[in-house]
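Below: the structure, in structure tokens.
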Amino acid sequence: MIFLRTRPEIDPKRIGLAGNSQAGWILPLAARDLGDIAFMVLHSGPVCTVGEEMFYSDLVENNTTARNEEANRRMSEYHGPSGYDPVPVLEAVRTPTLWLLCLDDRSIPVQLTLRNLEKLKASGHPFEWRTYEGLDHGLGPQIWPDIAQWVAKFK
């Protein structure tokens, strides 16, 4: 990031961050600490604690016969260690951010992520998301037009 800002051919006010999965925990830290990131795109990035993600994964990712709907219902049962929680970091971030989430994700609790995103957006954060049916954690090429259209706002 710092290197990109030194390049004369790059407009430092148009630098964004993008990543997938655990980047949902890492990139908001970078955005908060750097402070002047133009945008972020998070592909299957969780907005929940590490403990919640691990609990959900244990319910469905490691059990191929389990159903996501049941795992989503059981999330309130988790009372173990939380580990890292991205919500306080996201509360400090004002970077426009797009999350791309699969409703059939067997790695992260998408319903909990959506509830947390809705609360953050309601408190004034410039956060958006797109959801996709029938795709898992890796999503697929269907997401690229949505990314291109959203990122075009920052030209």
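Quick notes on this one:
- Environment charge of residue 81, counting only residues whose C-beta is closer than 14 Å and scoring Lys/Arg +1, Asp/Glu -1: -4
- CD proxy at 222 nm, helix term only [per DSSP H run n ≥ 4: -39500 (n - 2.57); per residue of the chain; nearest 500]: -10000 deg cm²/dmol
- Fully extended contour minus Cα-Cα distance, from residue 84 to residue 63, at 0.36 nm per residue: 5.1 nm
- Angle of helix 110-122 to the longest C-alpha principal axis of the chain, folded into 0 to 90 degrees and rounded to 10: 50°.
- Segment residue 33..residue 148, full-extension length gain: 38.8 nm, with 0.36 nm per residue of separation and the alpha-carbon distance subtracted.
- Counted by neighbouring Cβ atoms within 10 Å, the residues 127, 3 run from fewest to most as 3, 127.
- Taking a sphere under 12 Å around the Cβ of residue 40 and counting the other residues whose Cβ falls inside, with K and R at +1 and D and E at -1, yields a net charge of +1.
- Spacing of the two label points (7 Å from each Cα toward its C-beta) at residue 54 and residue 76, in nm: 2.4
- Reachable aspartates and glutamates, given that their alpha-carbon falls under 17 Å from the alpha-carbon of residue 119 and they are not under 8 places away in the same chain: 85, 91, 128
- Ranked list, fewest to most other Cβ atoms within 10 Å of each Cβ, for 9, 77: 9, 77
- Whichever aspartates and glutamates have a C-alpha closer than 18 Å to that of residue 13, once near sequence neighbours (fewer than 8 apart) are set aside: 33, 36
- Taking other residues whose beta carbon is less than 11 angstrom from the beta carbon of residue 104, and scoring Lys, Arg as +1 and Asp, Glu as -1, yields -2.
Computed from the coordinates by the stated procedures, all read-outs in this text should not be read as laboratory data. Just so it is clear, the model here is predicted, and its values are computed rather than measured. Methodologically, a virtual Cβ is constructed for each residue, glycine included, from the backbone with ideal geometry; neighbour enumeration extends over all protein chains shown.
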